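Undergrad: So that we are looking at the same thing, I have put the structure below in structure tokens.
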Amino acid sequence: MVKRIKRNLRAWWNDTQFPIATCDHVTSVRQWTPRQEKVAALILTLACCVVLLPNLSYPLIDPDETRYAQIAIEMNDSRDWVTPTLEGQAYLDKPPLMYWLTAASLHWLGNNETAARLPSVLASIATVLVAYLLGRRILGSRAAWLGGIVLLLSGGFVIAGRFLILDSLLAFFVTVCFLTGYIAVRETEHRWTWWMISAVACALGVLTKGPVAFVLCVPPLITSGWLRRDHTRTRLVHWVVFVLPIVIVCVPWYVAVWKFNPEFGDYFFWEHNFKRFTQGSNHEEPFWFYLPVIFIGMFPASLLLPSLAVYLVSRKESNRVLRSKDLGFLFCSAVWILLFFSIASCKLPTYILPAIPLMALMLGGMLDQTVLRPERTSGITTYLNPFPQRANLILLVTGGVIVMAEIKLGGHVDLTMIVFALLCTMVLLGTCLAWNREIAFSRRAWAGTAIVGILLLGYTTARFIPKAATQRSLYSKTASILEQHPDAMAVFYGEHAHAASLQLPLERVVYFPLEWKSEFAAFMAKSHEVIVVADEEHLDETRDAIARTHKLIATGIHKRVYMGREIDTPDAKVGMRNDGAMH
């Protein structure tokens, strides 16, 4: 029974699902010349710079960005590169590679938001370029380049890549591990250099976010070879060699941090990895959580996902003969990542980031095999031919919503917004004039849609998100009040002032944990004018203690920022007579 299931599963995978052998696929793909590949890489690099690099100096997003930046700042201050600390206490949730890179960036470029975000941004740019450079060895130059463009048109990947989070760096190492590992076993002769690069990438992933990197990378390499039952099937000696870089790169830090922090083993491996996976901590979500996340996270490129689904499952001969075993490996890897994180109880949208480069390469392969090969006809090609004009309309509607949201945030229209609106109008007119004409179904139409998508994402990341982040930033609001009141102190009560030094003068910042209720009240009694940063619920618990000396007045610019003034001052009396309104 078991043998029959195995036999049928392999037959379905090799004869029905992905019937085209690697060598047959390679001979059918026309490779670009070296000059074309250089031009393609240059275009992809410039597009990455347009979307990912501009305006990284907006306030850090609380809590993740501020927390990771604070850890890096403390690492620079303490010169302790073994134990990451947060507020002087050991922070053992994650391994240190991203903290090391962020600390180095802050040390070289100064304590600012751009320096804090730079490692994540560079990792995202590298992921796009690696998807092309390595993907061309698997799918061919044009398919891999299209995959890189699709990846750059995945909004969630781009936005996450501009934040100081660990998932962008993990996605880079996982992508390198998958692609180089497959390149190593793809040919008849095992290529040990590529295999070692894959192992080193996996090791660095383990040093970025823990054992999850190994769990993500290894099963697809084993499963794909088992399903194909050919030369791609790995042996025990391959995995012994694969583990060596992990031991060399990772074990020294794990041993050192465990030596200095005896609680590390139970907390990191049991509490923060195993129990977080099985019990979900405070991020429990249903099994299907990542289905809408993938669609939203890859927008606008996700508009192509329904066609990809048909392309992968269709039993029509015209579609079957386009599906190679190389595509099968990418499919196997992406499905494993989705399945693993769907099974996990703890779910966050950014966890799925490592799957997006693989799905982007699959989309690139589909486009290369269908709409960009006019000699072939299929239902997918017919359906996708008018895609650019439909996608343009969706992108323009999205752009309009973003502009309206920005006006609501900023309250005024500037030159950049006018230029962007004019460009959108021109695209709309061009789309309408070319509707259902021959040019609307050409490669130029696809190129135009890609450019529109890149400009939209560039505008969103460089303008809208920074403005939204500034509007909700606790530190930027506090900083503006401190400028207006040069004698006031900023008191954080129960609100962690992580990475506050990037925006606030630390000599004017005081922090009291919630347990120090009496100390907070005593400090308030000695102060004339204080800016209090706290949650209203926490302030209610101490309001009686400070009511004898101060009146807390809501500023109106942020729900957790209050002005504390002595009761006998005229301004405070006015505030009291007007039921706490700020004047």
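Undergrad: Could you check how many residues of the stretch 290-346 are of a type in the set (Lys, Arg) and crowded, with 21+ Cβ neighbours inside 10 Å?
TA: Of the residues in the stretch 290-346, 2 are of a type in the set (Lys, Arg) and crowded, with 21+ Cβ neighbours inside 10 Å.
Undergrad: Inside the stretch 359-390, can you point out the residues that are crowded, with 24+ Cβ neighbours inside 10 Å and under 18 Å from LEU455 (Cβ atoms)?
TA: Once the filter is applied, which keeps residues that are crowded, with 24+ Cβ neighbours inside 10 Å and under 18 Å from LEU455 (Cβ atoms), the stretch 359-390 yields only PRO388.
Undergrad: Looking at ALA126, ALA171, ALA160, which is the one that is surrounded by fewer than 23 Cβ atoms within 10 Å (Cβ to Cβ), among the hydrophobic types (A, V, I, L, M, F, W, C) and within 11 Å of the chain's Cα centre (by Cα)?
TA: Every option except ALA160 fails the conditions.
Undergrad: Among (1) buried (at least 24 other Cβ atoms within 10 Å of the Cβ); (2) free of Cβ contacts under 8 Å to residues at least 24 places away in the same chain, there is one condition THR208 misses while meeting the rest; what is its number?
TA: (2)
Undergrad: Can you confirm whether LEU395 is surrounded by 20 or more Cβ atoms within 10 Å (Cβ to Cβ), under 29 Å from the mean Cα position of the chain (by Cα) and in the same structural domain as CYS217 (by TED's automatic domain parsing)?
TA: Taking the combined requirement at face value, the residue does not satisfy it.
Undergrad: Residue check, ILE356 against (1) in contact with a Leu (Cβ under 6 Å, 6 or more places away or on another chain); (2) buried (at least 23 other Cβ atoms within 10 Å of the Cβ), all met but one. Which one?
TA: (1)
Undergrad: Moving to a separate point now. Need the failing condition index for GLY556 against (1) surrounded by 16 or more Cβ atoms within 10 Å (Cβ to Cβ); (2) more than 26 Å from ARG67 (Cβ to Cβ); (3) under 33 Å from the mean Cα position of the chain (by Cα), just the number.
TA: Among (1) surrounded by 16 or more Cβ atoms within 10 Å (Cβ to Cβ); (2) more than 26 Å from ARG67 (Cβ to Cβ); (3) under 33 Å from the mean Cα position of the chain (by Cα), GLY556 violates only (1).
Undergrad: Follow-up. If only one of THR102, THR180, THR114 is at pLDDT 95 or above, out of contact with any Lys or Arg (no Cβ under 6 Å at 6 or more places or on another chain), surrounded by 24 or more Cβ atoms within 10 Å (Cβ to Cβ) and not assigned by TED's automatic domain parsing to the domain that holds ALA391, which one is it?
TA: THR102
Undergrad: Scan the stretch 433-457 and report the pairs whose first residue is without any contact (Cβ under 8 Å) to a residue 12 or more places away in the chain and whose second residue is buried (at least 18 other Cβ atoms within 10 Å of the Cβ), with Cβ atoms within less than 7 Å and a gap of 6+ or a chain change.
TA: Taking only residues 6 or more apart or on different chains, the pairs are ILE439/ALA445.
Undergrad: Among what's in the stretch 488-501 and is touching a strand residue (DSSP E or B) at 6+ places or on another chain (Cβ under 6 Å) and of a type outside the set (Gly, Ala, Ser), pick the residue that is modelled with the lowest pLDDT.
TA: Restricting attention to the stretch 488-501, the residues satisfying the condition of being touching a strand residue (DSSP E or B) at 6+ places or on another chain (Cβ under 6 Å) are 488-493, 495, 497, 500.
From what's left, of a type outside the set (Gly, Ala, Ser): 489, 491-493, 495.
Working: MET489: 90, VAL491: 91, PHE492: 92, TYR493: 90, GLU495: 84.
For the stretch 488-501, the residue satisfying everything is GLU495.
Undergrad: Which of the residues spanning the stretch 99-115 are touching a Ser or Thr at 6+ places or on another chain (Cβ under 6 Å) and among the hydrophobic types (A, V, I, L, M, F, W, C)?
TA: ALA115 - this is the single residue of the stretch 99-115 that is touching a Ser or Thr at 6+ places or on another chain (Cβ under 6 Å) and among the hydrophobic types (A, V, I, L, M, F, W, C).
Undergrad: Now a separate question. Applying the selection to the stretch 438-453, what residues are surrounded by fewer than 16 Cβ atoms within 10 Å (Cβ to Cβ) and either outside the structural domain of LEU393 (by TED's automatic domain parsing) or within 16 Å of GLY148 (Cα to Cα) (or both)?
TA: Those that are surrounded by fewer than 16 Cβ atoms within 10 Å (Cβ to Cβ) and either outside the structural domain of LEU393 (by TED's automatic domain parsing) or within 16 Å of GLY148 (Cα to Cα) (or both): ALA447, ILE451.
Undergrad: When the stretch 413-437 is examined, which residues are found to be surrounded by 11 or more Cβ atoms within 10 Å (Cβ to Cβ) and under 22 Å from PRO386 (Cβ atoms)?
TA: The answer is CYS424, THR425, VAL427, LEU428, GLY430, THR431, CYS432, ALA434, TRP435, ARG437.
Undergrad: While we're here: If you take the residues in the stretch 72-97 that are surrounded by 14 or more Cβ atoms within 10 Å (Cβ to Cβ) and hydroxyl-bearing (Ser, Thr, Tyr), which one is farthest from LEU207 (Cα to Cα)?
TA: THR85
Undergrad: Inside the stretch 285-319, can you point out the residues that are in a helix (DSSP H, G or I), in contact with a Leu (Cβ under 7 Å, 6 or more places away or on another chain) and in contact (Cβ under 8 Å) with a residue 24 or more places away in the chain?
TA: Matches in the stretch 285-319: TYR290, ALA301, LEU304, SER307, LEU308.
Undergrad: Checking ARG233 against (1) free of Cβ contacts under 8 Å to residues at least 60 places away in the same chain; (2) part of a helix (DSSP H, G or I), only one condition comes out false. Which one?
TA: (2)
Undergrad: Sort through PHE287, PHE214, PHE242 and tell me the only one that's more than 30 Å from ALA184 (Cα to Cα) and either at pLDDT 90 or above or not assigned by TED's automatic domain parsing to the domain that holds ALA450 (or both). Give the steps one after another, and end with the answer.
TA: Values: PHE214 fails: more than 30 Å from ALA184 (Cα to Cα); PHE242 fails: more than 30 Å from ALA184 (Cα to Cα).
From the options PHE287, PHE214, PHE242, the qualifying one is PHE287.
Undergrad: How about the stretch 183-205: which of its residues are buried (at least 24 other Cβ atoms within 10 Å of the Cβ) and β-branched (Val, Ile, Thr)?
TA: Within the stretch 183-205, just VAL185 meets the criteria.
Undergrad: Just the residues that are closer than 12 Å to THR83 by Cβ, exposed (fewer than 14 other Cβ atoms within 10 Å of the Cβ) and touching a residue at least 40 places away in the same chain (Cβ under 8 Å), please, taken from the stretch 257-284.
TA: PHE260, GLU263
Undergrad: Next up: Taking the stretch 352-373 on its own, how many of its residues are modelled with pLDDT of 95 or more and either aromatic (Phe, Trp, Tyr) or not in a helix (DSSP H, G or I) (or both)?
TA: So the answer is 2.
The values are calculated or read from the model by the stated rules, or taken from the named source; none is laboratory data. Quantities reported herein were computed from a predicted structural model and do not represent experimental measurements. Glycine gets a Cβ as well: all are built from the backbone with ideal geometry, and neighbour counts include every protein chain shown.
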